[in-house]
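Asker: Here's a structure for you.
The values are calculated or read from the model by the stated rules, or taken from the named source; none is laboratory data. Predicted model only: the values in this text are computed from it and were never measured. Positions of Cβ are generated from backbone atoms using ideal geometry, with glycine treated the same way; all protein chains shown enter the neighbour counts.
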Amino acid sequence: MKGSEIRKKFLDYFAGHYHQVVKSSSLIPKNDPTLLFTNAGMNQFKDCFLGIEKRPYKRACSVQKCVRAGGKHNDLENVGYTARHHTFFEMLGNFSFGDYFKKDAIFYGWDFLTREMGLPKEKLWVTIYKDDDEAFELWQEVAGIKPERIVRLGEKDNFWAMGDEGPCGPCSEIIIDQGENVGCGRKDCAVGCDCDRFLELWNLVFMQYNRLKDGTLEPLPNPSIDTGMGLERITAVIQGKKTNFETDLLFPYIEKMARLARVEYGRDRKTDIHLRVIADHIRAMTFLISDGVFPSNEGRGYVLRRIMRRAIRHAKMLGFDKPILFNLTEEVVQVMKDAYPELSDSIELVRKVVLNEEERFFETLDSGLKILYEHLEKMKQREEKVFSGEIAFKLYDTYGFPVDLTQDILREQQIQVNMEEFERCMEKQRENARKHWKGEEEAIDTLYKMLSQELRVNFVGYDTLVAEGKIIKIIQNGLTTKEIIEGEEGEIITDKTPFYGESGGQIGDVGTIESQDFIFEVRDTKKFGDLIIHRGKV
């Protein structure tokens, strides 16, 4: 069964049980400053669970595109090295907002997996929260599962909370025993072991309490259901694959990249890691750019840049010395366009952004790697195991190496980066930049006042994240100029911009301004009267 068929079967099944099929929300969370990216199916329903928003339905299902990279939920460093870690993935979920509760949630989960997906009942196990006696009884009553296959676990594994306060409740996971041949081999291997033998498939969250400030749990007037199952994971199980990367959801990218690199997947561990990293990251890159995230040095854009540059480095390890990944984005569109037709509309933009980032990073990659390996060689001679945070910062600041890329390279040598030293260097740079901007702002205050009387900027950021405009003024060192040389900093004013200028306590946007001749990396945006000023570096 193809991954696309599983996706469709899931939605059709729950639609047949009176659930509203809801389209995936954007990877950029709407009105939720606590999240960097959408990382779960329930994100777009958060206000429904909190009782803030009322919708015309009480049952819903979705296949949500998710990214976990950066912030609290960060799988980036593990991607490529394990069978199931991803930056981008799809989450299947069914939800009840005060409608059905545990009994029906258990029935739907069990029925879909055993009847629709055809999983053998004798291979399935269940975990529940240690004190959830109701769930213990319902699993036996509804699913007919034997009590010895129901495992009680603690709060860390089987109790879910939206935060320190608010809705929370016990959860129950459906697990499949994949057999001893994929396990750790230990005699005490059982449900809860970190190996792949007992694989978690589907998490059912029974949202039945409200946690108060003092930790007290009070019953919710309308208990709700939130479930989540990774499409890549269930597809691997159904297709009998050892890793998610070998499913038809991800293998097309591995296959194409292996063909271009003239290597064979499955013959060499290091080569396999390179191919898996690229297969995962190319999906994340394509979807993030399509949803309006662009590479930069701040926030979401910086996470995207980290993903892109990590993929570029692994492409180089496969022997590529010029851009190649931008062509792979078309493969993503071909594989995913039926489920996400919006990808077809943005493919040209995606290709252009990826190509630009590849071209920029390939220019400095060799120089940066040379410095890194020189220091690595000195460390080996001195038998040191901690890499200088100052050198790691130099690689970041001068050669565009995100620190986790440096960590990724050093990980292969069992060497760590001195992150405290790196953070001190980073903070020093931030402080210098703040002083520089403040001093310059005072010096050119008169210039901005004059320009604000003759120039008009059309702000379109409430309607779009991307816009075409003309450069109407370039400023450098407090003076207007005709150009900024590559590598230098300055300010650009355009006649139209989607960038929000810092004001009213809200920080200014970051991103890029691009033309056929240059890329201007916007590191800050300021508002001065009606002017919107983009400050950055060519």
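Asker: Just checking, does region 172-185 include any residue being buried (at least 18 other Cβ atoms within 10 Å of the Cβ) and assigned to a loop (DSSP other than H, G, I, E, B)?
Answerer: Looking for residues that are buried (at least 18 other Cβ atoms within 10 Å of the Cβ) and assigned to a loop (DSSP other than H, G, I, E, B), one finds at least one in region 172-185, hence yes.
Asker: Looking at (1) more than 26 Å from the chain's Cα centre (by Cα); (2) surrounded by 13 or more Cβ atoms within 10 Å (Cβ to Cβ), find the lone condition where Asp366 falls short.
Answerer: Checking Asp366 against (1) more than 26 Å from the chain's Cα centre (by Cα); (2) surrounded by 13 or more Cβ atoms within 10 Å (Cβ to Cβ), the one that fails is (2).
Asker: Right, Ala311: in contact with a helix residue (DSSP H, G or I) (Cβ under 9 Å, 6 or more places away or on another chain), of a type in the set (A, V, I, L, M) and touching a residue at least 24 places away in the same chain (Cβ under 8 Å) or not?
Answerer: Taking the combined requirement at face value, the residue satisfies it.
Asker: Lys213 versus (1) farther than 19 Å from Gly230 by Cβ; (2) crowded, with 16+ Cβ neighbours inside 10 Å: which is the lone unmet condition?
Answerer: Of everything listed in (1) farther than 19 Å from Gly230 by Cβ; (2) crowded, with 16+ Cβ neighbours inside 10 Å, Lys213 misses just condition (2).
Asker: Looking for whichever is on the phi < 0 side of the Ramachandran plot, surrounded by fewer than 16 Cβ atoms within 10 Å (Cβ to Cβ) and assigned by the TED database to the domain that holds Leu355 here; the options are Ser290, Ser344. Which one fits?
Answerer: Ser344
Asker: Then there is this: Run Arg7 past the list (1) of a type outside the set (A, V, I, L, M); (2) surrounded by fewer than 19 Cβ atoms within 10 Å (Cβ to Cβ); (3) in contact (Cβ under 8 Å) with a residue 40 or more places away in the chain and report the number of the one that doesn't hold.
Answerer: Checking Arg7 against (1) of a type outside the set (A, V, I, L, M); (2) surrounded by fewer than 19 Cβ atoms within 10 Å (Cβ to Cβ); (3) in contact (Cβ under 8 Å) with a residue 40 or more places away in the chain, the one that fails is (2).
Asker: Any idea which of Glu255, Glu264, Glu246 is among the acidic types (Asp, Glu) and more than 25 Å from Glu5 (Cα to Cα)?
Answerer: Checking each option against the conditions leaves just Glu264.
Asker: Residues that are in contact with a Lys or Arg (Cβ under 7 Å, 6 or more places away or on another chain) and surrounded by 16 or more Cβ atoms within 10 Å (Cβ to Cβ), at least 2 per element: which strands (runs of 3 or more DSSP E) completely within region 455-517 meet that?
Answerer: Where strands (runs of 3 or more DSSP E) fall fully within region 455-517 and carry at least 2 residues being in contact with a Lys or Arg (Cβ under 7 Å, 6 or more places away or on another chain) and surrounded by 16 or more Cβ atoms within 10 Å (Cβ to Cβ), they are 489-494.
Asker: Does any residue of region 298-308 turn out to be surrounded by 24 or more Cβ atoms within 10 Å (Cβ to Cβ), free of Cβ contacts under 8 Å to residues at least 60 places away in the same chain and within 28 Å of Arg535 (Cβ to Cβ)?
Answerer: Yes, the conditions are met somewhere in region 298-308.
Asker: Looking only at residues in region 309-326 that are farther than 20 Å from Leu410 by Cβ and either within 15 Å of the chain's Cα centre (by Cα) or not acidic (Asp, Glu) (or both), which one is surrounded by the fewest Cβ atoms within 10 Å (Cβ to Cβ)?
Answerer: Lys322
Asker: For region 329-382, which positions are outside any helix (DSSP H, G or I), in contact (Cβ under 8 Å) with a residue 60 or more places away in the chain and under 26 Å from Gly511 (Cα atoms)?
Answerer: Within region 329-382, just Tyr340 meets the criteria.
Asker: Mind checking which residues of region 181-230 are under 22 Å from Leu119 (Cα atoms) and β-branched (Val, Ile, Thr)?
Answerer: Val182, Val191, Val205, Thr227
Asker: Turning to a different aspect of this structure: Looking at (1) in a loop (DSSP other than H, G, I, E, B); (2) under 23 Å from Val22 (Cα atoms), which one does Gly163 not meet, given that it meets all the others?
Answerer: Looking at each condition in turn, Gly163 falls short on (2).
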